[in-house]
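So the structure is just underneath, and the comments pick up after that.
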Amino acid sequence: MWSSSVIPTFLFLSVFPVGLAPDPGSTTQGNDIYPPFWDQTDGDIAEFPVQNNKIIVDLWKYMDRLRIYKILIRESNKYFASFGKNNTGNVFWALTLLYGRLFETGRFSEPPNSSRCAYESGVSSCISINSAWGGISFYVVIAYFLGAIESEFLGNLPYEVELLPREEYRSNFCYSVEECRAAYPQIMDIANRFYKYLQSRKIVSTTGGIPQYDTDEDTAIFKMWAAHQAAIDVAKPKFSDVSFYSSETERDFSVDFLVTAEFFEAVLYRPYLESSAEFLVGFPHRLLTDEDRNVLTSNFSRREKALITAAKLTTKINKSTGGLFLTIWKKLMTSKFARAVGRFLINRLLLIPIE
């Protein structure tokens, strides 16, 4: 019975009334779509300092993680040239733009609502080790970065990479290929499969002087999302305590958002620049407080209210069915047609008109 009602349930969610004021300022145009300080890094491994013949990376600095994302985009662009013009079809854009959005909405600051590591326009900052979003983001970036190093996707680096560890919550994190491989082999294996797939691609044509690789769109996106989910599965239990969040409401939203992301991943949601920027218009512009639990205040846009409400309802339905909602959804999304329908329903649900 449930298998026949999963898509109708999502269709119902896609037409629920958000009934809210229009968003006065959301846009996906121009440089606003890029993470803060995007233009201040070239995406070159040489930007990191070198000490004692080691490349030093501090993953608790916003700019260091940002550099990693830009490096990954730059090194992988050639494989996704056919997915979008001017490198807009790179599958790393979704992760990169979300990372920037988490930073500019204050989700890397010291909870609860501290000014420490808070985003200030024009000023780069740290990522609080006490931030759950910072910890979850850590595992996402570490999966792809260390996976790229281990698989030699980044080529022969001039020096060994050293990640600076923190003594706080030391057991919650891993800081080297060897340490992460020993503690979380599933993350490293899945990330490696993604990179090995890309490395196996061949040039099949040239368009405007740009080599076109035989990268299969669905396969690449599937493997990218699989590595993301492997990292999330490890990270979520570590940061379930409300003390890692600004409020219990923010904690619940993070859980709802990450559960809902699994529905997105199952339909191979396109993680490209424009589609990701459009989706993130709805990501709440500030941390949620406990006053937001029952009634979202008017300073949230239509898109933001739609995303928060849809994520909450989707998670509630999934929980009430013991996870069966998500399980059947994944089983249904096994064909190109089904996934296309799934993406349509998700877009219908979240990409409501701003005005």
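All conditions in (1) farther than 25 Å from SER128 by Cα; (2) in contact (Cβ under 8 Å) with a residue 40 or more places away in the chain; (3) crowded, with 16+ Cβ neighbours inside 10 Å hold for LYS223, with the sole exception of (2). For segment 323-339, the set of residues classified as in a loop (DSSP other than H, G, I, E, B) and touching a residue at least 60 places away in the same chain (Cβ under 8 Å) consists of MET333 only.
For segment 104-140, which positions are under 27 Å from MET224 (Cβ atoms), open to solvent by 60 Å² or more (accessible area, probe 1.4 Å) and either without any contact (Cβ under 8 Å) to a residue 24 or more places away in the chain or in a helix (DSSP H, G or I) (or both)? GLU104 - this is the single residue of segment 104-140 that is under 27 Å from MET224 (Cβ atoms), open to solvent by 60 Å² or more (accessible area, probe 1.4 Å) and either without any contact (Cβ under 8 Å) to a residue 24 or more places away in the chain or in a helix (DSSP H, G or I) (or both).
Check ASP241, ASP218 and return the single one that is of a type in the set (Asp, Glu) and open to solvent by less than 60 Å² (accessible area, probe 1.4 Å). Outline the logic, then answer.
On the way: ASP241 fails: open to solvent by less than 60 Å² (accessible area, probe 1.4 Å).
Only one candidate passes the filter, namely ASP218.
Taking the numbered list (1) open to solvent by less than 50 Å² (accessible area, probe 1.4 Å); (2) of a type outside the set (S, T, N, Q); (3) on the phi < 0 side of the Ramachandran plot in turn, LEU268 passes all entries but (3).
Just the residues that are among the basic types (Lys, Arg) and surrounded by 14 or more Cβ atoms within 10 Å (Cβ to Cβ), please, taken from segment 296-318.
From segment 296-318, those among the basic types (Lys, Arg) are 302-303, 305, 312, 316; that's our starting set.
Across segment 296-318, the qualifying residues are ARG302, ARG303, LYS305, LYS312.
Helices (runs of 4 or more DSSP H) fully within segment 211-297 that include at least 3 residues being over 26 Å from ASN172 (Cβ atoms) and not aromatic (Phe, Trp, Tyr): 217-238, 273-280.
The values are calculated or read from the model by the stated rules, or taken from the named source; none is laboratory data. Owing to the predicted nature of the structure, the values given are computational and were not obtained by experimental measurement. All Cβ positions, glycine included, derive from the backbone under ideal geometry; neighbour counts span all protein chains shown. All accessible areas refer to the heavy atoms of the entire protein, side chains included, with ligands and DNA or RNA removed. Shrake-Rupley method; radii C 1.70, N 1.55, O 1.52, S 1.80 Å.
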